[in-house]
Amino acid sequence: MRLGTRGSPLALAQARMTVEALRARFGWARDAIETVVVQTSGDRIQDRALAEIGGKALWTKELDRALAAGEIDFAVHSMKDVETVRPDAIRIAAMLPRADVRDKLIGTESFAALPADPVVGTSSPRRAAQVRRLRPDARIILFRGNVATRLGKLAAGEAHATLLAAAGLDRLERSEVGAIIPLDTMLPAPSQGAVGIETLSGNAAMLDLLGAINDADTFDCVMAERGVLRGLGGTCHSPIAALGVLDGSAIHLRAEILSADGQETVAGEARIARGDMEAAEALGRVLLDRASPALRALFEA
Ligand SMILES: NCc1[nH]cc(CCC(=O)O)c1CC(=O)O
């Protein structure tokens, strides 16, 4: 069997986790799964923000093509990088148990400890807006590249601070880096901390195998967060945060949208039934209804 993945250290770590989950479940030998590295446009293009050059499809389209061509049997992704609307031919078949969903602040102990007019490196519109909400004097510069590249830019003095997902640092065994930002300070990106596995919708055998390692709690919460994105208009590149957490038999879903400068935030929450995509999308629409015309316009582009 062939597993397709991007070649970044984080992607490879997530591919290894997926192989180990399948091997543990089915007792397969080490060589039962071959890892095929596929370079994506997102890996190639490093000097521009993703939103400028076509968005998250840049992380998926080459792996989608490899699936369709039969070059790989399944593909592993950070769910955060998987666009909201996927082709009908491709199915999110499983998710691994979710890791820490929070962001970390790196280079300083806290936002308050930053100097006046701090320079903060990030390529995420969400993190940029959330930083500027806390520190309106911050200047945001573009930080792209893999985790090690970004830490290198920080070490080289290009910025006072940067932000990274705790999950990525943990998977790269760099857990000592940075300080956890509490959820009340910074709500994470939809799907942050979740690894997803996709295969062709028509591949019933593969869907069965992957279903056996699916973590249903993660799957339902992440799908709810993706529902919020759909309610907000699907393919937008605007600052959006969302987090679903199990609450008894239901999901407590929180979400917010922000203006680019962080000066306007519309936040909302709902308790929804697991699998109720309609309710998740409705939360996205409620946020839009409550936004100023200027903020709403960001989502209509
Ligand atoms: N956009 C890059 C990306 N995609 C997933 C992760 C981290 C792992 C995760 O959230 O599951 C990262 C790096 C980061 O945001 O720090």
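The values are calculated or read from the model by the stated rules, or taken from the named source; none is laboratory data. Source: prediction; values computed, not measured. Note that each Cβ is placed from the backbone with ideal geometry, even for glycine, and that neighbours are counted across all protein chains shown. Ligands, DNA and RNA are excluded from the accessible area calculation, which covers all protein heavy atoms including side chains. Shrake-Rupley method; radii C 1.70, N 1.55, O 1.52, S 1.80 Å.
A few notes on this one:
- Working note: Cα atoms of segment 179-292, range along each principal axis, descending, whole Å: 49, 31, 27.
- Distance cut-off 16 Å, percentage of C-alpha pairs in segment 83-141 lying past it: 58 percent
- Amide H contacts of residue 240: 126, each under 5 Å away and 5 or more positions distant or on a separate chain (H built 1.01 Å from N in the peptide plane; Pro and chain starts excluded).
- Amide H contacts for residue 4 (H built 1.01 Å from N in the peptide plane; partners 5 or more residues away or on another chain; cut-off under 5 Å): 36, 73, 74, 75, 76.
- GNM top mover of 17, 79, 95 - the chain, alpha-carbon springs below 10 Å: 17
- Nearest-10 value in Å² for the accessible area of residue 245, using the 1.4 Å probe: 60 Å²
- Folded to 0 to 90 degrees: helix 57-68 orientation relative to the chain principal axis, Cα: 10 degrees
- Choice from 275, 107, 152 with maximal GNM fluctuation in the chain (Cα, 10 Å cutoff): 152
- Residue 204-residue 2 pseudo-label distance in nm [points 7 Å out on the Cα-to-Cβ vector]: 2.4 nm
- For segment 103-180, the extents of the C-alpha atoms along the principal axes are 33, 22, 21 Å, listed from largest to smallest.
- Among 106, 33, 251, residue whose mean-square fluctuation peaks in a GNM of the chain (springs only between Cα atoms under 10 Å): 33
- Compared with the direct C-alpha span, the chain from residue 20 to residue 68 gains 14.8 nm at full extension, assuming 0.36 nm per residue.
- Computed from backbone phi, the HN-Hα couplings of segment 247-256 come to 9, x, 8, 10, 10, 8, 10, 10, 8, 8 Hz, rounded to whole numbers (Karplus: 6.51 cos²θ - 1.76 cosθ + 1.60, θ = phi - 60°; Gly and Pro given as x).
- When both bridge partners sit in the chain, DSSP labels roughly 75% of those beta bridges antiparallel.
- In Å², nearest 10: area of residue 137 left accessible to a 1.4 Å probe: 50 Å²
- Residue 40 long-range amide H proximity, modeled H, under 5 Å: 7
- Karplus 3J(HN,Hα) series, Hz, for segment 29-44 with 6.51 cos²θ - 1.76 cosθ + 1.60 (x for Gly, Pro): 6, 4, 8, 5, 10, 9, 9, 10, 8, 10, 7, 10, 4, x, 6, 6
- Size descriptors for segment 1-104 (Cα atoms only): Rg and Dmax, in that order, 14.2, 44 Å.
- Derived scalar couplings ³J(HN,Hα) [segment 127-144; Karplus, 6.51 cos²θ - 1.76 cosθ + 1.60; whole Hz; x for Gly, Pro]: 4, 4, 5, 5, 5, 6, 5, 7, 9, x, 7, 6, 10, 9, 10, 6, 10, 10
- Cβ-Cβ FRET estimate between residue 88 and residue 247, R0 fixed at 45 Å, reported to 0.05: 0.90
- Surface accessible to a 1.4 Å probe, per residue, for the residues of segment 201-275, Å²: 38 Å²
- Calculated SAXS-style log₁₀ I(q)/I(0) at q = 0.08, 0.12 Å⁻¹ - the chain, Debye, Cα scatterers: -0.34, -0.79
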